[in-house]
Amino acid sequence: MAHVVVGLGNPGPEYRDTRHNIGQRVVEHLARQLKKAWHPDGRALVARGSWRGDTLYLVKPQSFMNVSGPSVRHVLHALGAGPEDLVLVYDDIDMALGKVRTRLRGSAGGHNGVQSVIDALGTEAIRRVKIGIGRPPQKSQVPDHVLTTFEPEEDATVATAVATAAERVLGLLR
């Protein structure tokens, strides 16, 4: 059996530490924990390892967040996996900073990247780990908010959330 854990985010160094890329931080944390390196694989960076005897693929799509779906579909197809093998990890603006929640299925909840994945795979039955990044005071600030880096006083909360989310991902693989 193979598991595919996809951390959503935007490609490029300018987005690396933004709120929108916290999903990729989680898969990077898992790759460090499992001592696995990243390798280019078509439309994504992939780190291959194992977890409890099963093959584990950690994936960072190299497409922009809002059009992640085709890249995720391509990676799953290339790995011979399906939506049932997928765990999606991403930011959630409607949750308080640092809160982590798992779901086994459901709508995109207004998250364009998740909607792109749902549309590309044709199902809402996708296991997920969501990490709260907090909401700005005004709706008009949302696009800038998700593309900003965390404040220094938020770093400890973010580090804890990333570690917790990584544990939740592994819990979903059992």
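Return the pairs, sorted by first residue and then second, in which the second residue is polar (S, T, N, Q) and surrounded by 13 or more Cβ atoms within 10 Å (Cβ to Cβ), the first residue lies in segment 93-106 and is on the phi > 0 side of the Ramachandran plot, the beta carbons are less than 7 Å apart, and the residues are 6+ apart or on different chains.
Filtered contacts from segment 93-106: Gly98/Thr157.
Can you find, within segment 21-77, the residue that is surrounded by the most Cβ atoms within 10 Å (Cβ to Cβ) among those that are among the aromatic types (Phe, Trp, Tyr) and within 23 Å of Ala159 (Cα to Cα)?
Tyr57
Any idea how many residues of segment 144-174 are touching a residue at least 12 places away in the same chain (Cβ under 8 Å) and either among the small types (Gly, Ala, Ser) or part of a helix (DSSP H, G or I) (or both)?
The number of residues fulfilling the criteria is 17.
Select from segment 19-60 the residues that are under 27 Å from Met95 (Cα atoms) and among the polar types (S, T, N, Q) and list them in ascending order.
The answer is Asn21, Gln24, Gln33.
Within segment 23-53, can you find the residues that are part of a strand (DSSP E or B), in contact with a strand residue (DSSP E or B) (Cβ under 6 Å, 6 or more places away or on another chain) and in contact (Cβ under 8 Å) with a residue 24 or more places away in the chain?
Correct list: Ala44, Val46.
Would you check if Gln141 is surrounded by fewer than 21 Cβ atoms within 10 Å (Cβ to Cβ), within 22 Å of Tyr15 (Cβ to Cβ) and at pLDDT 95 or above?
It is false that Gln141 is surrounded by fewer than 21 Cβ atoms within 10 Å (Cβ to Cβ), within 22 Å of Tyr15 (Cβ to Cβ) and at pLDDT 95 or above.
With the requirement that a residue be closer than 16 Å to Val75 by Cα and in contact with a Phe, Trp or Tyr (Cβ under 6 Å, 6 or more places away or on another chain), what does segment 11-27 give you?
none
May I ask you to list pairs of residues, at least six apart or on different chains, whose Cβ atoms are under 6 Å apart, with the first in segment 66-90 being farther than 19 Å from His39 by Cβ and the second being among the charged types (D, E, K, R) and modelled with pLDDT of 95 or more?
From residues that are farther than 19 Å from His39 by Cβ, the pairs are Gly69/Asp119; Val87/Arg127; Leu88/Arg128.
Any residue that is at pLDDT 95 or above and exposed (fewer than 15 other Cβ atoms within 10 Å of the Cβ) - is there at least one of those in segment 83-96?
Within segment 83-96 (the criterion being at pLDDT 95 or above and exposed (fewer than 15 other Cβ atoms within 10 Å of the Cβ)), the answer is yes, since at least one residue qualifies.
For segment 98-123, give me the residue count where each residue is farther than 25 Å from Thr55 by Cβ and surrounded by fewer than 18 Cβ atoms within 10 Å (Cβ to Cβ).
Counting residues in segment 98-123 that are farther than 25 Å from Thr55 by Cβ and surrounded by fewer than 18 Cβ atoms within 10 Å (Cβ to Cβ) gives 10.
Would you mention how many residues in segment 1-22 are modelled with pLDDT under 95 and either assigned to a strand (DSSP E or B) or among the small types (Gly, Ala, Ser) (or both)?
Number satisfying all stated conditions: 2.
For Asp17, only one of the following conditions fails: (1) free of Cβ contacts under 8 Å to residues at least 60 places away in the same chain; (2) surrounded by fewer than 17 Cβ atoms within 10 Å (Cβ to Cβ). What is its number?
(1)
The values are calculated or read from the model by the stated rules, or taken from the named source; none is laboratory data. Predicted model only: the values in this text are computed from it and were never measured. Here Cβ is always computed from backbone atoms with ideal geometry, including for glycine, and neighbour counts include all displayed protein chains.
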